[in-house]
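Report on the structure given below.
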Amino acid sequence: MPATLFDPIKLGAIAAPNRIVMAPLTRGRAGPGFVPNELAVEYYRQRASAGLIISEATGISQEGLGWPSAPGLWTDAQVEGWKPVTEAVHAAGGRIVAQLWHMGRVVHSVFNDGRPPVSASATTAPGKAHTPVGRREYEEARPLRLDEIPRLIDDYAKAAENARKAGFDGVQLHAANGYLIDQFLRDGTNLRDDAYGGPVENRIRLLGEVTAALIGVWGADRVGVRLSPNGDSQGVDDSAPERLFPAAAAALDALGIAFLELREPGPDGTFGRTDVPKQSPAIRKVFAGPLILNSDYDVDQAKAALESGVADAISFGRPFIANPDLVERIRTGAAWAPDNMQTWYSPGPEGYIDYPALVAA
């Protein structure tokens, strides 16, 4: 029998009671010092019925965080801020992993005392950055030197250790959406000619080394990874994704990670729409662990992905914003409430913790 959305699943060491995963969602509600506050406690508690919550993208260092009021995991205060969040999720019967984030070239120098962003190579993201002082043009990144790579990997490992202290159930490496790891993966932004550039096996090297460092902290059965293998993301793209991403997935399979999540928009996607074919069928052939698919799924599409065997679970992003009880709505066939884009990133409780749960008739 094919799996259903309400069958339990083992995501490594994490026993999920259903296959409806809450995708990472940046919401911009952290307090001073990038510290999660009491609003985050209620927000995540409300959504604890998800089979697994993947936290909003969480900075591993000041160098890597360039989003106003996003949370971090590099200071003791940030760890203390996350503790009541994980405690609330667990008390409500849920499971939550921390998504570890370095934004690379899309960190404006405003966030780092005027220092330029770092990336694989000297490239510039298109568009403008959101900063505490308004929209600013992105700046050319400084290529990371070879002698800086060990420090970068150590930053990831320290954030993973802090996630353990904060009470998370594991971590997910953010290697998607045009951020630092993705900038190393794809040949449109990786112009290096050293051990981290050029052929595919070099461009996936940093992904493998960082993942191995996270495994060194958590064990492979509590480490996941997110990739975005088709189409442009924030100006980051690859000339041959059909070669790159199956190779990356095979390397992650060899490391035995707990799960792999793929964000794969299509031509009708709400964000990042693309005609580049989805790579999940090819990735499914080389990645034996749980595969979670994401991007604009409705219930029927989610069911079809599970029944076909290409996916083991589906992560829903925007639907969880306005539907804290999305799992129950899917279970009962109830309508999904619409979200308000104007309050995605605004401060305060509006559009964050005030969406009502389904009220039984």
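Could you check how many residues of segment 340-350 are buried (at least 17 other Cβ atoms within 10 Å of the Cβ) and either in contact with a Lys or Arg (Cβ under 9 Å, 6 or more places away or on another chain) or of a type in the set (Asp, Glu) (or both)? Outline the logic, then answer.
Here is the first cut: in segment 340-350, the ones buried (at least 17 other Cβ atoms within 10 Å of the Cβ) are 343, 345.
Checking the rest, the ones that are also either in contact with a Lys or Arg (Cβ under 9 Å, 6 or more places away or on another chain) or of a type in the set (Asp, Glu) (or both) come to 345.
Adding up the residues that qualify gives 1.
Here is a list: Ala48, Ala15. Which entry is over 17 Å from Leu293 (Cβ atoms), in contact with a helix residue (DSSP H, G or I) (Cβ under 7 Å, 6 or more places away or on another chain) and hydrophobic (A, V, I, L, M, F, W, C)? Spell out the reasoning first.
Working: Ala15 fails: in contact with a helix residue (DSSP H, G or I) (Cβ under 7 Å, 6 or more places away or on another chain).
Answer to the selection: Ala48.
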Conditions: (1) in contact (Cβ under 8 Å) with a residue 12 or more places away in the chain; (2) more than 24 Å from Pro32 (Cα to Cα); (3) in a helix (DSSP H, G or I); (4) out of contact with any Gly (no Cβ under 6 Å at 6 or more places or on another chain). Leu173 meets all but one. Number of the miss? (3)
Scanning segment 84-99 residue by residue, those assigned to a strand (DSSP E or B) and either at positive phi or among the polar types (S, T, N, Q) (or both) turn out to be Gln99
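Working carefully through the options Thr270, Thr211, find the one that is among the hydroxyl-bearing types (Ser, Thr, Tyr), in a loop (DSSP other than H, G, I, E, B) and either surrounded by fewer than 19 Cβ atoms within 10 Å (Cβ to Cβ) or touching a residue at least 12 places away in the same chain (Cβ under 8 Å) (or both).
Numbers: Thr211 fails: in a loop (DSSP other than H, G, I, E, B).
Exactly one residue qualifies, and that residue is Thr270.
Evaluate the following for Asp187: is it assigned to a loop (DSSP other than H, G, I, E, B) and touching a Gly at 6+ places or on another chain (Cβ under 9 Å)?
On the way: assigned to a loop (DSSP other than H, G, I, E, B): yes; touching a Gly at 6+ places or on another chain (Cβ under 9 Å): yes.
The answer is yes for Asp187.
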Given the conditions (1) of a type outside the set (Gly, Ala, Ser); (2) in contact with a Phe, Trp or Tyr (Cβ under 6 Å, 6 or more places away or on another chain); (3) surrounded by fewer than 22 Cβ atoms within 10 Å (Cβ to Cβ); (4) not in a loop (DSSP other than H, G, I, E, B), report the number of the one that Thr124 does not fulfil. (4)
For residues that are over 18 Å from Val223 (Cα atoms) and either among the β-branched types (Val, Ile, Thr) or touching a helix residue (DSSP H, G or I) at 6+ places or on another chain (Cβ under 9 Å) (or both), tally how many sit in segment 247-270. 3
Across segment 100-115, what is the total count of residues that are of a type in the set (Val, Ile, Thr) and in a loop (DSSP other than H, G, I, E, B)? 1
Mind checking which residues of segment 214-232 are touching a strand residue (DSSP E or B) at 6+ places or on another chain (Cβ under 6 Å), among the β-branched types (Val, Ile, Thr) and part of a helix (DSSP H, G or I)? Ile215
All but one of (1) modelled with pLDDT of 95 or more; (2) farther than 16 Å from Gly94 by Cβ; (3) touching a strand residue (DSSP E or B) at 6+ places or on another chain (Cβ under 9 Å) hold for Ala3, so report the exception by its number. (1)
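Among helices (runs of 4 or more DSSP H) lying entirely in segment 291-342, which contain 2 or more residues that are at pLDDT 95 or above, under 19 Å from Gly266 (Cβ atoms) and in contact with a Cys (Cβ under 9 Å, 6 or more places away or on another chain)? So that I can check it myself, show each step before the final result.
Values: elements: 299-308, 318-322, 326-332.
Correct list: empty, since no element meets the threshold.
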What number of residues in segment 327-339 are surrounded by 18 or more Cβ atoms within 10 Å (Cβ to Cβ) and either more than 19 Å from Asp298 (Cβ to Cβ) or touching a Ser or Thr at 6+ places or on another chain (Cβ under 8 Å) (or both)? 1
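The values are calculated or read from the model by the stated rules, or taken from the named source; none is laboratory data. These figures come from a predicted structure and were not determined experimentally. As a convention, Cβ positions derive from the backbone with ideal geometry for all residues, glycine included, and neighbour counts pool all protein chains shown.
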